[in-house]
Amino acid sequence: MCFEGYRDARAQVAARNRPVHFAGLYDPKGEISLYVDGKLAQRTSTGTAAFRPSLLPFTLGANPNKDPNPPVDFFQGTFHQIRVSKRARYDRDFTPSRRFEPDADTLILYHFDEGEGTVLTDSSGNGHHGQIVGAKWVKVDGSAIDPKKSVAPPVYVPVTPEETQAKKLQAAWAAMLKVPVESRSKTGIALVLIPPSGGALPKPYYLGKFEVTQAEWEAVMGYNPSAFKQRNKAVEGLDTGRFPVENVSWFDCVEYCNKLSEMEGLKPYYALTVTKRNTTGNRIDEAEVRILGGNGYHIPTDAEWEHGCRAGTQTKYNFGDKDEDLGDYAWYADNSDQRPHVVGEKKPNAFELYDMHGNVNEWIEGMLTNATPVAPMRVNRGGGWPWPAGSCAMSNRFGRHDPSRSVGLRLARVPSGEASQEAKWPPPAVAQGGPLPPTFKNGIGMEFVIVPKGKSWLGGGKDKLGNKEVEIPADFYLSKYEVTQEEVGEGDGGEPQLLLAHAAGQGPGE
């Protein structure tokens, strides 16, 4: 970046044999600037060329693994401190700081005046630790560091009780099941073990560490449905392979889960019968879906998603109640530039799950029996790039049955090849023709009671009894209480006036 200015400045300071302050900037106007000791040395316009972030590791100086004899344009000298920021700090001449300190705009901060070993500690608290390769620690005056007397202290990162407990539970269940806390699929998708949660979730399960990316979707499905991919001006010049896939229907996600399961030798979780595809031949418009309960991948249930997102918290977000902190954990309306971003760029929750409050909304499994486009709308959760902070809160649920540029997918799976808990329904007594249980709770804790079949009366009105006899042919469940605002989501603040019914013996859907 600005090589001519860099070479000229380096030649000057080499002759003086003293430290120099370099500041390289890329600003939104498409200009690259180089400041030397606070003075503008060169400014270059990128013209029509877009700034292209690299997926390769961030390298400081020459790479000795690949360049044993680096070209002269590579850095040759001693680093004292380096700071990387998320905004262009300087637009005019300035007085350089003697020592960099972290602030809200700091992404990475390295101090090289003390340390040992091969770990380069990020002093900003953002955890972007590096590795020392082919270099040595030295003091500012060039003398060697005595590691016994000068060891960089570990960066203090506060740990909440929820995070401590979450880590302990994950480790305990992983040891019990003899599986890793973080698992990688054969295709490289990362999943995190989530401990159980009482009656609603009696067994541990895996949940995707990240939202499914465009590259991961295309590797399985052979096409990329996303609106935010190459040729979209909003992401022009960006590598969108690590962006979350979006613009997928709920049925598309079922098909993805089944195909991925088959690729990895797992038993598909769903039985999918496609009855109609759109004109492109890719998207599914109509289908019938049933749960098989195999050990393959599935769309998270409402209970699986919320328990994974909360990670033991009872706050508005999984990190607390303050809207102003959301930007550290999520891409949403205030910081997204009205588009999704690379998965995993923000802070995770205590279970090490990323983007649970933003980037894209995520489909939830919901009811599955004979699912068609005319069935009740599917739920999606998690907030996303178009939404304000309040809409990204834990309790929010959105309903839709069509694809959207802001809705994607996170995977779930049971560990160690076990059949999922959903496959255990109906209970053994029911499967053998025994009596139905008088009550049950669904995946989000709503209580249902059984109402026996028989005759009833409909019709009537004010001061008049029902005058039409009807036959209720089968037992059914009715919610014990009216649906609460918390169960619906924040909504419009109106009073809920709704009861839910569920066919007995069909399985507890959400």
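Would it be correct to say that residue 181 is in contact (Cβ under 8 Å) with a residue 12 or more places away in the chain, among the hydrophobic types (A, V, I, L, M, F, W, C) and more than 22 Å from residue 382 (Cα to Cα)? In short, yes. Scanning the range 215-234 for residues that are surrounded by fewer than 18 Cβ atoms within 10 Å (Cβ to Cβ) and basic (Lys, Arg) yields 231, 233.
For the range 245-252, the condition holds for at least one residue, the condition being that it is surrounded by 21 or more Cβ atoms within 10 Å (Cβ to Cβ), touching a Leu at 6+ places or on another chain (Cβ under 7 Å) and not basic (Lys, Arg). Inside the range 325-365, residues that are part of a loop (DSSP other than H, G, I, E, B) and open to solvent by less than 30 Å² (accessible area, probe 1.4 Å) make up a count of 19. Residue 426 meets all of the listed conditions (1) part of a loop (DSSP other than H, G, I, E, B); (2) at pLDDT 60 or above; (3) surrounded by 16 or more Cβ atoms within 10 Å (Cβ to Cβ) but one, namely (2). Taking only pairs six or more apart or across chains, which ones have beta-carbon atoms under 7 Å, a first residue in the range 67-96 that is closer than 20 Å to residue 110 by Cβ and surrounded by 15 or more Cβ atoms within 10 Å (Cβ to Cβ), and a second residue that is at pLDDT below 80 and β-branched (Val, Ile, Thr)? Listed pairs, sorted by first residue: 80/140. Among the conditions (1) in contact with a strand residue (DSSP E or B) (Cβ under 8 Å, 6 or more places away or on another chain); (2) at pLDDT 75 or above; (3) crowded, with 21+ Cβ neighbours inside 10 Å, residue 449 misses just one, which is (3).
Candidates in the range 27-46 are the residues that are farther than 22 Å from residue 99 by Cα and open to solvent by 60 Å² or more (accessible area, probe 1.4 Å); of these, the one that is modelled with the lowest pLDDT is 28.
The residues listed here are 368, 411, 353; of these, the one that is at pLDDT 95 or above, over 25 Å from residue 105 (Cα atoms) and among the hydrophobic types (A, V, I, L, M, F, W, C) is 411.
In the set (1) open to solvent by 30 Å² or more (accessible area, probe 1.4 Å); (2) under 19 Å from residue 364 (Cβ atoms), the condition left unmet by residue 257 is number (1).
The values are calculated or read from the model by the stated rules, or taken from the named source; none is laboratory data. Remember, it's a predicted structure, so these values are computed and weren't measured experimentally. Because the Cβ atoms are built from the backbone with ideal geometry, glycine has one as well, and the counts that use them run over all protein chains shown. Heavy atoms of the whole protein, side chains included, go into the accessibility calculation; ligands, DNA and RNA do not. Shrake-Rupley method; radii C 1.70, N 1.55, O 1.52, S 1.80 Å.
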